[in-house]
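Read through the structure below, which is laid out as structure tokens, and then see the notes.
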Amino acid sequence: MTTPAPTDTLTERFAAARQVADAVLFEGYVLYPYRASAAKNRLRWQFGVLVPPRWGADRAEHSHQRTECLVEPRSGARLTAELRFLRTQRRTVQRLGLHGEFTNVAELELPDRVLVPWDEGTEERCPVDVPVAQLAGDGVTVPFTRPAGEETEPVHDADGRPVGRLVRRREEINGVLRLTAREIDGPYAVLKLTATVENTSTWTPDPAAADRDAALPRSLVAAHLLLGLSAGRFLSPTDPPEWARGAVADCANEHTWPVLAGPPGSADVMLSAPIILEDHPAVAPESPGALYDALEIDEILALRTATLTDREKREARGTDPRAAEVIDLADGMPPEVLERLHGAVRALRELTGPDPAPARPDTPWWDPGGDRDVDPLTDRITLDGRSVGAGSRVALRPGRRRTDAQDLFLHGRTAVVEAVLHDVDGGVHLAVTVEGDPGADIRREQGRFLYFQPDELTPLEDE
């Protein structure tokens with residue numbers, strides 16, 4: 001028998017993955033400028049939408065997701081699965097009339113916000129905890145239903161007098177989560193786990209009026225799965241062990257993308273999401289809060305949100321509580337937090353750790369053992385009658401051929417040749433660093449240079 005896992009167990013097992021899962025759940029939930037009236041917020045719910053079967057049959061959207069991955073469970077292992085999705089509830093705005101009647105309106109102005117009709121998303125979960133041994137054969141099937149309903153919320157003015165109400169309506173949602181596992185051929189004790197999520201709604205659309213807006217309240221929006229193994233490990237679908245590559249290639253994932261979740265090095269939690277992620281995805285530690293805008297750059301969004309007019313901010317606050325949180329976040333962001341969003345170079349952080357790398361590597365960035373006929377550090381060419389090689393000073397003259405637009409900004413700058421390179425077609429390229437570039441030393445350490453052909457350079461007299 002399948003029983004829901006205890007809340008504390010789920011929290012513990014999925015703690016490291018939940019922050020990323022939340023970013024997936026609310027991906028593109030409300031876009032800058034965070035107002036319902038903005039054109040970009042009129043077509044919503046782009047990721048992981050599982051529509052009713054009878055509506056999606058002749059359309060591009062689907063009614064199911066299928067996740068397949070490999071697991072190596074130990075004896076007595078249990079699988080904890082949690083289906084998460086957003087449920088659309090339709091919010092209408094009504095004004096209170098003189099005789100106590102309520103009338104639908106396009107907006108209702110209040111001192112602190114402007115209320116407008118909007119589709120809100122509420123989080124739904126379907127948790128399952130089952131011994132891995134029970135997944136053999138037909139596995140387990142977990143149906144779920146979310147009943148239709150309606151709620152009203154009174155709206156008052158600044159003096160506490162009733163001026164209207166919000167009406168929220170929800171349609172019935174039906175679905176099923178199926179979990180199966182079978183052994184794969186080979187010498188290893190490996191199972192192929194299959195998790196299928198389906199929208200099983202029997203709703204029949206009206207051919208004359210059944211547009212996407214009618215299907216959304218009956219759909220699973222941003223549907224994704226968290227999978228946890230109590231004992232054992234998942235195999236990475238993107239970077240599996242060599243012996244498992246063939247079996248991983250045989251896994252069929254439909255409308256979802258599974259990756260290892262949790263901290264790097266762990267393999268007991270997997271996130272299967274409707275967007276492509278890498279193993280062990282993480283939200284940037286500099287990010288001060290959720291901005292819901294399809295993973296746009298936090299700094300730009302914070303700066304642009306701060307420039308909204310008071311009227312625009314009031315409408316954003318009235319659009320959705322999450323939009324109101326973004327406005328408050330941007331308005332109250334301290335300068336030091338905004339400065340932290342300006343950028344981070346994560347690849348260099350280990351250099352400042354307890355065991356920093358040497359100032360210059362022990363081996364050259366070019367491997368002389370690869371081709372003994374050339375040496376970029378000692379080879380020289382003749383340019384305008386002068387010998388040019390590593391250490392020579394040159395003037396940059398890009399633009400004589402189809403040049404990268406960014407190179408044109410360097411026209412007339414001086415540079416130092418770092419290497420002379422020969423390609424397989426017999427062409428010559430000179431690697432250079434621009435004089436005065438504050439990052440020149442880092443570029444040399446990493447072997448990252450700018451490259452020009454000889455006719456784009458003019459040799460300079462040695463100082």
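What shape does region 98-252 take by its C-alpha gyration tensor, where a ≥ b ≥ c are the square roots of the eigenvalues and a/c under 1.5 counts as rounded, a/b above b/c as prolate, and the rest as oblate?
prolate
In percent, how large is the relative contact order of the chain, given Cα pairs closer than 8 Å and 6 or more residues apart?
That works out to 17 percent.
Which ³J(HN,Hα) values in Hz, rounded to whole numbers, follow from the phi angles of region 252-269 under the Karplus curve 6.51 cos²θ - 1.76 cosθ + 1.60, where θ = phi - 60° and Gly and Pro get x?
10, 10, 10, 6, 7, 9, x, 9, 5, 10, x, x, x, x, 8, 8, 9, 10
List the residues, sorted by chain then number, that are 5 or more residues from residue 155 or on another chain and whose placed amide H is less than 5 Å from its amide H.
163, 164, 165, 166
Provide the per residue accessible area, probe 1.4 Å, for the chain, rounded to a whole number of square angstrom. Let's see the in-between values first.
On the way: 24510 Å² over 463 residues.
On a per-residue basis, the chain sits at 53 Å².
Using Cα pairs closer than 8 Å and at least 6 residues apart in sequence, work out the relative contact order for region 188-285, in percent. Could the numbers behind the result be given before it?
Values: 99 pairs, mean separation 26.2, N = 98.
Taking the mean separation of contacting Cα pairs over the length of region 188-285, I get 27 percent.
Along each of the three principal axes of the Cα atoms of region 392-456, give the extent in whole Å, ordering the values from largest to smallest.
Principal-axis extents of the Cα atoms in region 392-456, largest first: 31, 25, 20 Å.
Give me the Å³ per residue figure for the convex hull around the C-alpha atoms of region 199-261. Intermediate results must be reported in sequence, preceding the final value.
Working: hull volume 8.9 nm³, N = 63.
Normalising the Cα hull of region 199-261 by residue number yields 141 Å³.
From the mean inverse distance of alpha carbon pairs (Kirkwood) and the Cα radius of gyration, derive Rg over Rh for the chain. Mind showing how you got there, number by number?
Numbers: Rg = 29.5 Å, Rh = 27.1 Å.
Result: Rg/Rh = 1.09.
What value, in deg cm²/dmol to 500, does the helix sum -39500 (n - 2.57) over DSSP H runs of n ≥ 4 give at 222 nm once divided by the residues of the chain? Walk me through the numbers on the way to the answer.
Details: 10 runs with 79 residues, N = 463.
Helix contribution divided over all residues of the chain: -4500 deg cm²/dmol.
For the ranges 158-170, 233-245, what's the packing order if you count other beta-carbon atoms within 10 Å of each residue, average per peptide, and put the highest first? Working shown, then result.
Values: 158-170: 14.0, 233-245: 16.0.
Going by the mean number of other Cβ atoms within 10 Å, highest first, we get 233-245, 158-170.
The values are calculated or read from the model by the stated rules, or taken from the named source; none is laboratory data. All of these numbers come straight from a predicted model, not from anything done at the bench. Quick reminder, even Gly has a Cβ in these numbers, built from the backbone with ideal geometry, and neighbours come from all protein chains shown. Side chains included, ligands, DNA and RNA excluded: accessible areas come from the protein's heavy atoms. Shrake-Rupley method; radii C 1.70, N 1.55, O 1.52, S 1.80 Å.
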